[in-house]
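The values are calculated or read from the model by the stated rules, or taken from the named source; none is laboratory data. Not measured: the values here are computed from a predicted model. We place every Cβ from the backbone using ideal geometry, glycine too, and count neighbours over all the protein chains shown. The protein model used for the area step is the full one, side chains on, heavy atoms only, and it has no ligands, DNA or RNA in it. Shrake-Rupley method; radii C 1.70, N 1.55, O 1.52, S 1.80 Å.
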Amino acid sequence: MYLGCSVPVRGQNYELGVRAVAPLLGIELVDLPELGCCGYPVQSVSAHTALVMAGRNLAIAGREGLDLCVLCSACGGSLMEAASELEHDPGKKERVNGDLGPEGLRYEGGVRVVHIAEVLASHVGADRIRAAVKRPLSGMKLAVHYGCHFLRPREVHAGEDPENPHSIDDLVRAIGATSVDYRGRLGCCGGAILGIDEATALAMARSKLDAVREAGADAMVVVCPFCSVMFEGNQKRIEKVARTEYNLPVIYYPQLLGLALGLGGKEVGFQLNRIKADALIQRFGG
């Protein structure tokens with residue numbers, strides 16, 4: 001279970017949802033307290049330092065004989081890229097292992113990095129999820145936001161076309177809800193440039209919020225804390241600038257999955273959502 005930096009601070013509802021549904025679907029999550037940052041924040045400053053930070057996490061997981069299950073798409077991208085780079089460049093792996101040596105760590109390879117949404121879509125599967133549903137979310141219209149890092153780079157995300165993804169849509173349909181198509185659904189949330197061009201970043205998020213509202217969705221579904229920060233955490237700021245009101249819940253898929261599996265709203269962290277989805281939850285007895 002790889003939480004990264006953002007989930008424990010900004011996405012506790014995401015973590016609660018994942019921890020609640022995992023045992024219901026036969027997923028065993030192991031916590032390794034030594035895990036640290038994936039390296040993503042420093043990639044543009046020092047590629048080697050970022051690779052060492054990612055390699056450290058891979059080495060810790062490898063030492064325990066475990067793969068890494070990530071919740072954050074940016075973490076997943078960083079760790080997947082690092083695993084691929086270290087696998088195909090023995091020289092880089094030796095340099096990274098040299099830096100890991102003082103901690104008694106060494107990465108030998110072979111650790112898989114999988115996103116929790118991939119675990120649900122490919123390892124559990126929509127059919128098993130559909131069979132486990134106790135409270136179908138029939139009539140709920142959801143707009144899926146895939147984001148950039150969940151699908152890219154293509155070379156390390158095997159099995160899904162980034163220009164025509166369907167895995168999360170399939171997961172939405174498995175819990176009885178409707179996946180609503182909308183304009184620009186594969187566009188970026190804007191989070192990647194928030195720190196250097198806030199106005200443009202918020203405009204990008206606003207464009208998607210406008211499109212989702214136009215499509216008549218009840219809520220937006222995300223699988224990345226960065227994307228949630230843009231669409232939920234900044235929604236009130238965008239409303240103020242745009243002089244409009246969305247009041248659009250932004251919900252992590254595992255939270256909705258938990259609701260469909262018969263769990264209560266508090267068990268999957270809905271009380272921590274900034275844009276409340278109380279009306280939706282009450283419709284389905286959660």
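Simple point charges give the picture: +1 on the Cβ of Lys and Arg, -1 on the Cβ of Asp and Glu, and for the stretch 177-242 a dipole about the Cα centre of about 60 debye. Subtracting the Cα-Cα distance of Arg283 and Lys134 from their residue separation scaled by 0.36 nm leaves 52.2 nm.
Given +1 at the Cβ of Lys and Arg, -1 at the Cβ of Asp and Glu and no other charges, the dipole of the chain around its Cα centre is 1000 debye to the nearest 20.
Relative to the longest principal axis of the Cα atoms of the chain, the long axis of helix 73-88 lies at roughly 30 degrees.
Each residue of the stretch 134-139 in order: what ³J(HN,Hα) in whole Hz does its phi give by Karplus 6.51 cos²θ - 1.76 cosθ + 1.60, θ = phi - 60°, with x for Gly and Pro? Those phi angles translate into 10, 9, x, 8, 5, x Hz.
When the charge dipole of the chain is built from unit charges on Cβ atoms (+1 for Lys and Arg, -1 for Asp and Glu) and taken about the Cα centre, the candidate among Ala131, Ala242, Gly101 whose Cα reaches farthest toward its positive end is Ala242.
Can you figure out the FRET efficiency of Ser84 with Asn247, using R₀ = 35 Å and their beta-carbon distance, to the nearest 0.05?
For Ser84 and Asn247, the calculated efficiency is 0.25.
Each Lys and Arg contributes +1 and each Asp and Glu -1, all at the Cβ; summed about the Cα centre of the stretch 82-133, the dipole is approximately 220 debye. Here's how it looks for Val144: its modeled amide H is under 5 Å from those of Val180, Val221, which are all 5 or more places away or on a different chain.
Measure nothing but the geometry: give the 0 to 90° angle between the long axis through the Cα atoms of 90-100 and the longest principal axis through the Cα atoms of the chain, rounded to 10°. With both axes taken from Cα atoms, the answer is about 90 degrees.
Could you work out the local net charge near Leu263, counting Lys and Arg as +1, Asp and Glu as -1, over the other residues with Cβ closer than 15 Å to its Cβ? Once positives and negatives cancel, what remains is +2. Phi angles across the stretch 175-186 convert, under the Karplus curve 6.51 cos²θ - 1.76 cosθ + 1.60 with θ = phi - 60°, into 3J(HN,Hα) values of 9, x, 8, 9, 8, 9, 6, 7, 4, x, 5, 8 Hz, Gly and Pro given as x.
Annotation for Asp31 and Asp127: the two label points, set 7 Å from Cα along the Cα-Cβ direction, are 3.5 nm apart. Heavy-atom accessible surface of the chain, averaged per residue, reaches 44 Å², computed with a 1.4 Å probe. Of the residues Cys75, Pro90, Asn273, the one whose Cα sits farthest towards the positive end of the charge dipole of the chain is Asn273 (charges of +1 on Lys and Arg Cβ, -1 on Asp and Glu Cβ, taken about the Cα centre).
Accessible surface ranking for His145, His157, 1.4 angstrom probe, highest first: His157, His145.
Of the solvent-accessible surface of the stretch 59-150, computed with a 1.4 Å probe and all protein chains present, 47% belongs to carbon and sulfur.
By the Cβ-Cβ criterion of under 4.7 Å, the unpaired cysteines of the chain are Cys5, Cys37, Cys69, Cys148, Cys188. Sequence-ordered 3J(HN,Hα) estimates for the stretch 3-16 from the Karplus curve with 6.51, -1.76 and 1.60 and θ = phi - 60° stand at 8, x, 8, 6, 4, x, 9, 10, x, 4, 5, 4, 4, 4 Hz, glycine and proline given as x. The spacing between the stretch 52-93 and the stretch 170-193, judged by their C-alpha centroids, is 27 Å. Axis of helix 198-214 versus longest Cα principal axis of the chain: the two differ by about 40°, to the nearest ten degrees. Take every pair of alpha-carbon atoms less than 8 Å apart whose residues are at least six positions apart; their mean separation over the length of the stretch 1-54 yields a relative contact order of 32 percent. When Arg135, Arg274 are compared by accessible area of protein heavy atoms, the largest-first order is Arg274, Arg135, using a 1.4 Å probe.
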